[in-house]
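The values are calculated or read from the model by the stated rules, or taken from the named source; none is laboratory data. What you are looking at is a predicted structure, and each value in this text was computed from that prediction instead of being measured. As a convention, Cβ positions derive from the backbone with ideal geometry for all residues, glycine included, and neighbour counts pool all protein chains shown.
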Amino acid sequence: MPPKLISDELFDLNKAKDNARKHAEKNRRAIAINCADGEVALARRSESIIEYFGMGIYAAYIPIRDELSPLLLVSALSELGCKTAMPRTPPPGECLSFWSWKVGDELSEGLYGTKEPQNSGTVVYPNVILAPLLAFDKSGTRLGYGGGYYDRTVASLRENGRKVTFVGIAYEGQRFTEIPAGPYDVKLDAVVCPSGIKFGVGRE
């Protein structure tokens, strides 16, 4: 009998995550339609965000699909004195790099239909990473698109001695009771919603 290329356990985990993503995508799409003011409400959390996570370099993302846009929040953080950045997406299996960027700066075409900073800017190491997601749960598990970019990047930064706070950006309704997680999934330190900052068990 030929050797298995993937264990039954990993196959089941991947299948569970794929099923969760399908449900989460539909859920987020429905929420986004009814939450047109979410971006504005999110930006109002800027002072609270700095109070909790401190001044420093905040890396966010250029929204795609039905992601809650952090751009007004990025602008507010910049006005309050924080430096801001955006990621450039590398080939699969590599880590994200973060480049100094503020609202209004030019963007280039990235992978997967994304927009990203031009590589003529400055590479920075963020103190706080604001990440998009499909869903999250109270334990801090984040459900992304499956590329592993954020998990890989946060783990690498921390392994190299850099202190980074990993924060999800989401609508409150994107919270699931439980999300399937594997050994390489990095837990979120918090989630920022238009309704406020959500922490893990015992801290909310």
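Table for the structure above
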read-out	value
Hits in the range 113-129 - residues which are surrounded by 11 or more Cβ atoms within 10 Å (Cβ to Cβ) and outside any loop (DSSP other than H, G, I, E, B)	Lys115, Glu116, Pro117, Val123, Val124, Val128, Ile129
Among the residues listed as Leu72, Leu68, Leu80, the single one being buried (at least 21 other Cβ atoms within 10 Å of the Cβ) and either under 26 Å from Ser48 (Cα atoms) or in contact with a Pro (Cβ under 7 Å, 6 or more places away or on another chain) (or both)	Leu68
Out of Ala41, Ala76, sole residue that is out of contact with any strand residue (DSSP E or B) (no Cβ under 9 Å at 6 or more places or on another chain) and either in contact (Cβ under 8 Å) with a residue 24 or more places away in the chain or in a loop (DSSP other than H, G, I, E, B) (or both)	Ala76
Test: residue in the range 32-39 that is touching a helix residue (DSSP H, G or I) at 6+ places or on another chain (Cβ under 7 Å) and of a type in the set (Val, Ile, Thr)	no
Flag for Leu133 being modelled with pLDDT of 90 or more and either closer than 28 Å to Glu51 by Cβ or surrounded by 13 or more Cβ atoms within 10 Å (Cβ to Cβ) (or both)	yes
Any hit, the range 149-172, residues being surrounded by 22 or more Cβ atoms within 10 Å (Cβ to Cβ), among the small types (Gly, Ala, Ser) and touching a Cys at 6+ places or on another chain (Cβ under 8 Å)	yes
Of all residues in the range 66-84 being within 25 Å of Ala32 (Cβ to Cβ) and among the aliphatic types (A, V, I, L, M), the one that is farthest from the chain's Cα centre (by Cα)	Ala76
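Condition check ((1) touching a residue at least 12 places away in the same chain (Cβ under 8 Å); (2) touching a strand residue (DSSP E or B) at 6+ places or on another chain (Cβ under 7 Å); (3) on the phi > 0 side of the Ramachandran plot; (4) not charged (D, E, K, R)) across all residues:
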{"residue": "Cys35", "(1), (2), (3), (4)": "yes, no, no, yes"}
{"residue": "Glu51", "(1), (2), (3), (4)": "no, no, no, no"}
{"residue": "Ala59", "(1), (2), (3), (4)": "yes, yes, no, yes"}
{"residue": "Pro63", "(1), (2), (3), (4)": "yes, no, no, yes"}
